[in-house]
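The values are calculated or read from the model by the stated rules, or taken from the named source; none is laboratory data. The model shown is predicted, which means the values in this text are computed figures rather than measured ones. Cβ: placed from backbone, ideal geometry, glycine included. Neighbour counts: every protein chain shown. Just so you know, the surface numbers come from the protein's heavy atoms only, side chains and all, with ligands and any DNA or RNA stripped out. Shrake-Rupley method; radii C 1.70, N 1.55, O 1.52, S 1.80 Å.
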Amino acid sequence: KPPSFGLLFDIDGVLVRGHRVIPAALEAFSKLLNSQGQMRVPVVFVTNAGNILQHSKAQELSDLLGCKVDPDQVILSHSPMKRFLQHHNKRMLVSGQGPLVENARALGFRNVVTIDELRMACPELDMVDLERRPKTTPLRNDFPAIEGVLLLGEPVRWETSLQLIMDVLLSNGNPRTGLVSAPYPHLPVLASNMDLLWMAEAKMPRFGHGTFLLCLETIYRKVTGKELKYEGLMGKPSILTYQYAEDMIRQQAERRGWSAPIRNLYAIGDNPVSDVYGANLFHQYLQKAKRGEEEQRPSGTQSCASILVCTGIYSSQDPGSEVPTSGGAEPFHGHRDFSFNPELLKAAHIVPDVNEAVQLVFHREGWA
């Protein structure tokens, strides 16, 4: 029967660890493919990574999973920025790593400046590394004002990025001139990926872009006495990301000619703070929309169930055990702008791995 459900897969800790595929992922996708190698249900890959091009990530997943993954099935942390049309013509400072300019342009931003370009134009701003301090300070007054900031992912040289982003915010986009007092509200800031930590090959989690954002927010508050505000904050657990994923699932079903409306979404992840919290937050939003408490464009989606796997950030010898919450000794690792609700950290289902997750979904949907 035509599928009336869609799957949202996290990648790191669910399908791969670093550059190694998790064996259960291969089992799971053997169940998801038909005899022609096509997906039997609408699938999107929702990652908080953003330092790669969409089509490159799709090719990487295709190679790892042994099936065709289309670029429009990949949702990077910054993909929802495509909808911020009001900023696409502004001159934006972009921070992160990887193909920054290509990613920004793919999102619709036509006039971007990288941290390195700003540093080269204004070398006197970057003063931490003694080796990079300018021996002379050439004057250049023709550098156009910056009109906003794009934070696409964690940069490599944090001290340079933190300093120059602060300079831009405190000077209203003219860091060479400066201002007597910092403007507030400041220039628009769009940020993606709030993960404090993420799981790679190491036994312990690594710093994520959420840690970089925490540094920037703390410095801004310490210097100005005010809170850094985001025009848009996306990536899991932001509702913006799940709305975007919902649209991609529905468009995929329409292209495949599946007539049944998509009623249920299943979000499979390894991180309680991003994957579980985000799916539960979106489920809560859908329930409020059903009761008329939220403005929601017509979609037909009724639920978003969170499924937590034990192969990444969250690991348990007993898959039936409770997810730790901040009610006890565990601190809440979520972003400042998401008020803590311990109920939203509880996954609807906890399973050992992604293969078990797919089997669970099939059983619930009568596809067993």
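Structural remarks
- Residue pairs whose Cβ atoms lie under 9 Å apart, sitting 6 or more positions apart in sequence or on different chains, and linking a residue in region 148-171 that is farther than 16 Å from Met120 by Cβ to a partner that is open to solvent by less than 10 Å² (accessible area, probe 1.4 Å) and among the charged types (D, E, K, R), are Glu159/Asp126.
- Residues satisfying the stated conditions in region 112-131, i.e. open to solvent by 60 Å² or more (accessible area, probe 1.4 Å) and either touching a residue at least 24 places away in the same chain (Cβ under 8 Å) or in a strand (DSSP E or B) (or both): Met127, Val128
- Selection count where residues are open to solvent by less than 60 Å² (accessible area, probe 1.4 Å), assigned to a loop (DSSP other than H, G, I, E, B) and of a type in the set (Gly, Ala, Ser), scope region 156-207: 6
- Scanning region 40-68 for residues that are aliphatic (A, V, I, L, M), open to solvent by less than 40 Å² (accessible area, probe 1.4 Å) and assigned to a helix (DSSP H, G or I) turns up Ala58, Leu61, Leu65.
- Each residue in region 8-54 was checked for being out of contact with any His (no Cβ under 9 Å at 6 or more places or on another chain) and either under 27 Å from Gly108 (Cα atoms) or of a type in the set (Ser, Thr, Tyr) (or both), and 18 of them qualify.
- Inter-residue pairs, beta-carbon under 9 Å, first on the phi > 0 side of the Ramachandran plot and in contact (Cβ under 8 Å) with a residue 24 or more places away in the chain and in region 2-21, second part of a strand (DSSP E or B) and open to solvent by 10 Å² or more (accessible area, probe 1.4 Å), 6+ apart: Gly13/Trp198; Gly18/Asp12
- In this structure, Ala25 does satisfy being among the small types (Gly, Ala, Ser), in contact (Cβ under 8 Å) with a residue 40 or more places away in the chain and more than 26 Å from Leu240 (Cβ to Cβ).
- Residue satisfying condition, being modelled with pLDDT under 90, open to solvent by less than 20 Å² (accessible area, probe 1.4 Å) and either in contact with a Leu (Cβ under 9 Å, 6 or more places away or on another chain) or closer than 20 Å to Ser238 by Cβ (or both), within set Val354, Val323: Val323
- On inspection, Gly37 qualifies as free of Cβ contacts under 8 Å to residues at least 40 places away in the same chain, at positive phi, over 22 Å from the mean Cα position of the chain (by Cα) and open to solvent by 20 Å² or more (accessible area, probe 1.4 Å).
- Qualifying residue in region 196-208 (condition: touching a His at 6+ places or on another chain (Cβ under 7 Å) and modelled with pLDDT under 95): yes
- Subset of region 69-86 (residues that are open to solvent by 20 Å² or more (accessible area, probe 1.4 Å), closer than 22 Å to Ser274 by Cβ and outside any helix (DSSP H, G or I)): Phe84
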